[in-house]
Amino acid sequence: MTNNKPWLILLIILFSAIHITAQTQSREEYLQGFEQRKQWLISHYDTLTRPNYTAIAAKYATGYDIETADKMFIELLQKPSGAMFWMFPVTGCYFAGKDKMSAEASQALRNAWKTYAPSRGDTENHWAMWYATLLLMSEQWPDLPGSEWFSGNSSVENFQEAKEYLFEWARITTTIGQGEFDSPDYILEYLIPTMMLAEYALDPVVKQLGLMLTDYIFADFAAEHLDQQYIGGYSRIYERGLFRPQYLASSVFAYIYFGVGEPALHGWVIYPVLTSYRLPEIILNIATDRSQPYVHKERKRVRNVIRHGDERNPPVYKYNYITKDYGIGSLQGGLLQPIQQHTWGIRYTYGKPFSTIFGLHPYWSTLEIGMFFPEEQKTSMAGIIASKTTYNNPDKWTGGSPFERTFQHKNTLVVLYDIPVGTTSEHINGFFPANLQQRIVDDSGWIICKAGDSYVGWFPLQPGEWSKEYEAEKQRFNTATTSSNGTDESLLRNYRFRSHALQNGYVIEVRSREQIGSFENFKKQLAKTIPQSILKPGSVSVKYKTIDNRLMEFTFPEDRSLNGKSIDLTQYKLFEGPFLNAEVGSQMLTLTYKNQKMILNFKTLERIIQ
Amino acid sequence: MKRLMMVLGMISLVFFITANSTQAKEPTLYVSTLATGHYHTGMAVPLSALFYRAVSADSSWEYMGRPNNRIFNFDFHRASQGKYIALATHTGVHQSFDYGKTWKVTTGWRITEVNNVAFDPDNPDILYCSSPYGFYKSIDAGKTWNKHIDGLNSINAQFVSSFIIDHSNPAVIYSATEDGVYKSVDAGASWEKLGLRIKGVRTIVQHPIDRLSFIVGTEDNGLYFTHDGGRVWERRETGILSSTFYSVAFDPTNADIIYAAGFQTGVYKSIDGGKKWSQSFHGLGILDIRTIAVDPSNSDRIFAGTIGKGLYKSVDGGQTWQYIGLEGGYISSIKIDNFEGAKK
């Protein structure tokens, strides 16, 4: 990191400390702050001397040392690697320096797109990056024959294929929901291509699609955002991001685009910030106004199920409840995304970075691998473990399970498990951060926690055991490893609550000081509300009256009722809440904030701001 | 009568192969690699390509193209002497129309993770490919592709791991799927399920003479045989300690000799048509084998492509093995042929 502009850093820190919210600042002030944050991000890269694409893009963008940028670009383009993770940086560099780079650098880029055949990958984010950049490059050299492209297809053929896919991706996303949804890590891999399309596409229709998809993804995040955190369940997250969200791309976007929280860096965010996209005021307001608690529901889509399933893209039902102090959110449970699923969690504004409580069944199997990956099941497990090192770890903190289901209503969540004997693993885990102000195991059976003005009650339906987990020193920076066995109390990260009963579950209640008054009162109320459960193989259920008298009955796996009325998850819309609304199949998202309204109509490609 | 026909068939096959092997030049070994070691998206894949070399040579490998694409399988159009080549890759079907000098991706975004590809032996314009999403056919040399899943009525049935074209009738195709074995008698247009009710069928091979006899290899369920075109199947496991088989190969000069290999198998060999099996791994650096091939010009010469440890050769009918290169390679397919064209 090179701080060549200390005045800018100081300004940014001051700006962050003041923490102007959207409600108190004018549009002009917001845009001024955005420009400062953008320059702050770029300033970390434009003077770097070690060749990398972020540095090249920064140098081209600022005009600082173009000669070095050219040299770096030519050097790196001699040995391309990284597939779509190569395609978007070189595309970003090209557009940042198109009018400044040497003819030799430009030729090196052209040659790379002829000789290097990047893999297309197998996930939605891979394809979004692959096709968006292929389209943009094809537009830049529109008349070349197939012999001049790695694909063997002409510029026109590449463009047509890419455009067709991108529109299909938008169609499916806006009719039955996004796959690889709501990932605090992979939001970056979607915003990079959509923002590049919005900025650089020559085809006006593609350009408009890029702009609207950018709005769509930002709006989705905004409605589930609290104090630089992504609330609820996620399709994908790496473990380190669960505990140290400053490494998450969503935190960087929240800082740069929402103007919220602590300065956070990610080199790849340079490609979005170099575009002229500015967050619409309504999305900023949705992201930052937490004056009223609200329920926000969504329907998303499971990644393509290629075997061991009955449906190609089963629906994901997501439920969030968000206040100014905390957010609790959940997916319905089951295997909804391989390896990195985060089914439910509580996040609050106190005690970052370890500002979360959640639980899971740490499951892994060749069945899960086979559902989503085409290679031979037995041998692909080794490959998965090599790249996602925690996958087969019984202590892991990410992953879905076919034996887990949730039922949430507002700030109450019930989670049930019916785990067959012999399953990996034969226990469930709960994560409680070490920095909680209080973590009381109450005589009533509730585990009661205080995190600033947020209170959390966790009623385990079966006995369990507590253990301490320490953060590996290196994990503070950048590894995907799980806990260490250290004894240095300064590195104590969390307490693990593990329960070995296979028929299991817990009830979660969350309240804020504003909602229930004192922590003592919260404890008192919880003690009066003890869940009743049946926990036998094949017969797992719970009946629970919440502290504000809502009756929740839940029988594993799918029988949920509230106050005697059955809950039908299939009625979920694509988006439903005070800010975002969209019907299944509509291809239209309506954003609402007070008297502001925005409509994204993907059928007509109209973007209406009222 | 059937027995007599089989014997006569075997004699003609031996004569054909012997005649060809004396007239032809040194056959060529073609090998595709899926990846190097433990691949994940975004990493460099230096060994992912199609290679060739002389079967018996110790010379280094010649590169034929398509780096950085995970190649699951490939096919030459034999009648064209290798002018037309198709690769089944993670990124779709890649085709060459000039002996591998140039390549083109022909499948577009609708077809992905292609695990097998084959030419109609009589017509290089007709190609088939399969993927976890179904079965596809092109009748215009890859310009357009159509999906054919009529009869493949479930997600598991549409997961076609591999397929073969009947050696006596190119309109008959057999697919190994996650939901058992399916047969098409109309060149892939529609499918019917055969008798095997086993999940995870990974490979199917046809007896070189008896067109009604097949062997399938499965993930977790061993080897199954049929001799009546797929109505009745029998699991053969005498001498077999493993359950997952990705590759089965007949000795083309003696169909009673069969090789089979897969996950943690080494190489199994049967000399009695699959009744009893013996395991061989002497010299093999790994027991995980993705593909095996028998040299038709010398059936004591067997090749085994491993999962992550390159290629091995046996010159004594699979008793002992020696490493012959492509270090770290996940070898996905091996073919041995003697046509001229597909070499630069």
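For segment A:180-225, the set of residues classified as closer than 16 Å to A:Phe602 by Cβ and under 12 Å from the mean Cα position of the chain (by Cα) consists of A:Tyr190, A:Ile217, A:Phe218, A:Asp220, listed by residue number.
Taking first residues from segment A:587-610 that are within 14 Å of A:Ala170 (Cα to Cα) and partners that are among the small types (Gly, Ala, Ser) and part of a strand (DSSP E or B), the Cβ contacts under 8 Å between residues at least 6 apart in sequence or on separate chains come to A:Met588/A:Ala582; A:Leu589/A:Ala582. Would you point out which residue out of B:Asn156, B:Asn146 is touching a Ser or Thr at 6+ places or on another chain (Cβ under 8 Å) and without any contact (Cβ under 8 Å) to a residue 12 or more places away in the chain? The conditions single out B:Asn146. Counting only strands (runs of 3 or more DSSP E) wholly contained in segment A:490-587, the ones carrying 2 or more residues that are surrounded by 18 or more Cβ atoms within 10 Å (Cβ to Cβ) occupy A:492-499, A:503-512, A:532-536, A:539-545, A:551-555, A:580-582. For beta carbons closer than 9 Å, sequence separation of 6+ or different chains, a first residue in segment B:77-93 that is away from chain A (no Cβ under 13 Å) and touching a residue at least 40 places away in the same chain (Cβ under 8 Å) and a second that is basic (Lys, Arg) and not in a strand (DSSP E or B), the qualifying pairs are B:His77/B:Lys83; B:Gly82/B:Lys343. Scan segment A:39-75 for residues that are under 16 Å from A:Ala103 (Cα atoms) and surrounded by 22 or more Cβ atoms within 10 Å (Cβ to Cβ) and the total you get is 6. Does at least one position in segment B:127-147 carry a residue that is within 11 Å of chain A (Cβ to nearest Cβ), in contact with a Phe, Trp or Tyr (Cβ under 6 Å, 6 or more places away or on another chain) and over 20 Å from A:Ala117 (Cα atoms)? Yes.
With respect to the conditions (1) modelled with pLDDT of 95 or more; (2) over 24 Å from A:Ala128 (Cα atoms); (3) over 30 Å from the mean Cα position of the chain (by Cα); (4) not aliphatic (A, V, I, L, M), A:Phe73 falls short on a single one, namely (2). The residues of segment A:505-545 that are within 28 Å of the chain's Cα centre (by Cα) and either under 30 Å from A:Pro394 (Cβ atoms) or of a type in the set (Val, Ile, Thr) (or both), listed by number, are A:Gly505, A:Tyr506, A:Val507, A:Ile508, A:Glu509, A:Val510. Mind checking which residues of segment B:131-148 are crowded, with 17+ Cβ neighbours inside 10 Å and not polar (S, T, N, Q)? Correct list: B:Pro132, B:Tyr133, B:Gly134, B:Phe135, B:Tyr136, B:Lys137, B:Ala141, B:Gly142, B:Trp145, B:His148. Residue by residue through segment A:351-373, note down the ones that are within 14 Å of chain B (Cβ to nearest Cβ) and in contact with a His (Cβ under 8 Å, 6 or more places away or on another chain). If the condition is that a residue be within 14 Å of chain B (Cβ to nearest Cβ) and in contact with a His (Cβ under 8 Å, 6 or more places away or on another chain), then A:Leu367, A:Gly370, A:Met371 are the ones that fit. Of the listed requirements (1) in a loop (DSSP other than H, G, I, E, B); (2) touching a strand residue (DSSP E or B) at 6+ places or on another chain (Cβ under 7 Å); (3) within 25 Å of B:His90 (Cβ to Cβ), B:Glu327 misses just one: (2).
Can you confirm whether segment A:146-166 contains a residue that is within 23 Å of A:Phe372 (Cα to Cα), among the aromatic types (Phe, Trp, Tyr) and at the interface with chain B (Cβ under 9 Å from one of its Cβ atoms)? Scanning segment A:146-166 turns up at least one residue that is within 23 Å of A:Phe372 (Cα to Cα), among the aromatic types (Phe, Trp, Tyr) and at the interface with chain B (Cβ under 9 Å from one of its Cβ atoms).
Taking the criterion of being aromatic (Phe, Trp, Tyr) and either farther than 22 Å from A:Thr194 by Cα or out of contact with any Ser or Thr (no Cβ under 6 Å at 6 or more places or on another chain) (or both), the residues of segment A:218-257 that qualify are A:Phe218, A:Phe221, A:Tyr238, A:Phe243, A:Tyr247, A:Phe253, A:Tyr255, A:Tyr257. Take segment B:112-133 and flag every residue that is in contact with a Gly (Cβ under 8 Å, 6 or more places away or on another chain), in a strand (DSSP E or B) and farther than 22 Å from B:Val248 by Cα. Across segment B:112-133, the qualifying residue is only B:Leu127.
Filtered by the rule that a residue be farther than 19 Å from B:Ser138 by Cα, crowded, with 24+ Cβ neighbours inside 10 Å and among the polar types (S, T, N, Q), segment B:69-92 gives a lone residue, B:Asn69.
Applying the condition of being of a type in the set (A, V, I, L, M) and outside any strand (DSSP E or B) to segment A:303-339 and asking which residue is nearest to B:Pro132 (Cα to Cα) yields A:Ile306.
The residues of segment A:89-124 that are farther than 17 Å from B:Pro67 by Cα, under 25 Å from the mean Cα position of the chain (by Cα) and either facing chain B (nearest Cβ under 10 Å) or aliphatic (A, V, I, L, M) (or both), listed by number, are A:Val90, A:Asp122, A:Thr123. Only a single item in (1) surrounded by fewer than 21 Cβ atoms within 10 Å (Cβ to Cβ); (2) among the aromatic types (Phe, Trp, Tyr); (3) within 12 Å of chain A (Cβ to nearest Cβ) is not met by B:Tyr99, and it is number (3).
Do the conditions hold for A:Leu134, that is, is it under 27 Å from B:Ile111 (Cβ atoms), assigned to a helix (DSSP H, G or I) and not aromatic (Phe, Trp, Tyr)? Taking the combined requirement at face value, the residue satisfies it. Name the single residue, out of those in segment A:302-328 being surrounded by 24 or more Cβ atoms within 10 Å (Cβ to Cβ), within 25 Å of A:Trp169 (Cβ to Cβ) and within 17 Å of the chain's Cα centre (by Cα), that is nearest to the other protein chains (Cβ to nearest Cβ). This residue is A:Val302. Each residue in segment B:56-76 was checked for being under 17 Å from the mean Cα position of the chain (by Cα) and within 9 Å of chain A (Cβ to nearest Cβ), and 2 pass. Taken together, B:Gly305, B:Gly318 contain a single residue that is buried (at least 22 other Cβ atoms within 10 Å of the Cβ), modelled with pLDDT of 95 or more and over 17 Å from the mean Cα position of the chain (by Cα), which is B:Gly318. Quick check, is A:Ser81 surrounded by fewer than 19 Cβ atoms within 10 Å (Cβ to Cβ) and outside any helix (DSSP H, G or I)? Yes.
The values are calculated or read from the model by the stated rules, or taken from the named source; none is laboratory data. Remember, predicted model here, so these are calculated numbers, not experimental data. As a convention, Cβ positions derive from the backbone with ideal geometry for all residues, glycine included, and neighbour counts pool all protein chains shown.
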